[in-house]
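Report on one structure; see the data block that follows.
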Amino acid sequence: MSCDPLPPASATLSTKVVLLFAIACGLAVGNVYYAQPLLDAMAQAFDLSPATVGIVITLTQVGYGLGLLLLVPLGDLLNRRRLIVIQTLLSVLALLIVALAPSSAWLLLGMACTGLLAVVTQVLVAYAANLAPTAQRGRVVGMVTSGIVVGILLARTVAGTMADLAGWRSVYLLSAGLTLLVALALWKVLPAVEQPAATQRYGQLLGSLLVLFKEEKVLRDRAVLAMLIFAAGTVLWTPLVLPLSAPPLSLSHTEIGLFGLAGAAGALGAARAGHLADRGLAQWTSGLALALMLVSWLPIAFTQSSLWALLIGVISFDLGLQAVHVTSQSLIYGTRPEAQSRLAAGYMLFYSLGSASGSIAATALYAWAGWTGVCLLGAGINTVALVYWWWSLNPGKTPADLGCTA
């Protein structure tokens, strides 16, 4: 149960306020992804080996997972406006720790804190849905969520360009400045609402996550799929900078970052998956998308000999990943409308676990078996995901029934 009451039915959120929500979400989630095209520069700066530099991404994702578990539920106990602003201001400090890190230990601490506080995106989305009148809720949530997608897509490109212009530390200095401005804007713009008495204690709220996993099969199945597909995603993106920056390709950080934009086509195309889910085809859309992700590893394997093959592979891979993600959310949020924030926290927690494990495994394997080994690992994970999806289907149901059930 949210602690912030719904606004009066006549209330409206202006486009400018919704845009601020979207910008805040995009900037916060971008902090998690800036490091991906910068791993080689960070490794050189702190004398980290290619086999261990993936821990930068791993700790960021671990921090994000802890934030989902420990911070997001606070939105049901504390005033969301105050919570959002405090988290955003603390993010500024975490970014400054990264930007000014004198050693690898400080770098890793800053990255872990950055991931921990980036979960403010989930609080922002829930708050936007809470403030929006019923007639506008879908549009508002859609706009805010689009900020998250754009933030992820632009993060790699912006990071690569800034690193070439002014070094990798400039990326985090710039983000710290922008985050501070956003925090001040949020404090000024977000409406102040009265805080009703909390109906659950913090420990009870955390415990209810376990209850949801126990009672909702769709949450369990989709959380496992999230863990697998996002593990495959970080297996692709985390070590990608290493073969692209090395001979014979020797691409600059700017050029490497541009590949992040290739995922935009996939993200835009995946919007169709939501319409298919609304028509009761979520399960079969997921299956086809998982198959597309698996097939995408074939052109991706030719990265070192053909950038066009990589481009095709990245577009199709991100299309499949986003389609599975969209259909999963559609199925999950339809189960317990009164517990959407906790459903999101539980689902995204497995996303974070997958991302963290995929990043550290990929860089370690790249040092041992090269890009071919990475591609085999990614394809293997996607194969497991496809098999798990098929296994999770109830064999007693007809194909039509499977299209609209978990």
Please verify whether the range 318-335 includes one or more residues that are touching a Ser or Thr at 6+ places or on another chain (Cβ under 7 Å), among the aromatic types (Phe, Trp, Tyr) and either closer than 15 Å to residue 212 by Cβ or touching a residue at least 60 places away in the same chain (Cβ under 8 Å) (or both). no
When the residues of the range 87-97 are narrowed to those that are without any contact (Cβ under 8 Å) to a residue 40 or more places away in the chain and either outside the structural domain of residue 64 (by TED's automatic domain parsing) or over 21 Å from the mean Cα position of the chain (by Cα) (or both), which ends up surrounded by the most Cβ atoms within 10 Å (Cβ to Cβ)? 97
Residue 315: modelled with pLDDT of 85 or more, crowded, with 23+ Cβ neighbours inside 10 Å, under 22 Å from the mean Cα position of the chain (by Cα) and not hydroxyl-bearing (Ser, Thr, Tyr), yes or no? no
Which condition does residue 303 not pass, out of (1) under 20 Å from residue 219 (Cα atoms); (2) at pLDDT 85 or above; (3) outside any helix (DSSP H, G or I), if it passes all the others? (1)
Selection count where residues are in a helix (DSSP H, G or I) and surrounded by fewer than 24 Cβ atoms within 10 Å (Cβ to Cβ), scope the range 335-345: 7
Residues 59, 74, 96: which one is modelled with pLDDT of 95 or more and touching a helix residue (DSSP H, G or I) at 6+ places or on another chain (Cβ under 9 Å)? 96
Of everything in the range 143-179 that's farther than 17 Å from residue 124 by Cβ and hydroxyl-bearing (Ser, Thr, Tyr), which residue is surrounded by the most Cβ atoms within 10 Å (Cβ to Cβ)? 172
Taking the condition farther than 17 Å from residue 116 by Cα and surrounded by 20 or more Cβ atoms within 10 Å (Cβ to Cβ), does residue 46 pass? no
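With the structure loaded, tell me whether residue 332 is out of contact with any strand residue (DSSP E or B) (no Cβ under 9 Å at 6 or more places or on another chain), buried (at least 21 other Cβ atoms within 10 Å of the Cβ) and under 26 Å from residue 40 (Cβ atoms) or whether it fails that test.
no
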So which pairs qualify, if the first residue must be in the range 219-234 and farther than 19 Å from residue 364 by Cβ and touching a residue at least 24 places away in the same chain (Cβ under 8 Å), the second must be not in a helix (DSSP H, G or I) and not β-branched (Val, Ile, Thr), the Cβ gap must be under 7 Å, and the two must be at least 6 apart or on different chains? 221/406
Residue check: is residue 369 more than 29 Å from residue 66 (Cα to Cα) and either within 17 Å of the chain's Cα centre (by Cα) or aliphatic (A, V, I, L, M) (or both)? yes
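The values are calculated or read from the model by the stated rules, or taken from the named source; none is laboratory data. Note that the structure is predicted; figures quoted are calculated from it, not measured. As a convention, Cβ positions derive from the backbone with ideal geometry for all residues, glycine included, and neighbour counts pool all protein chains shown.
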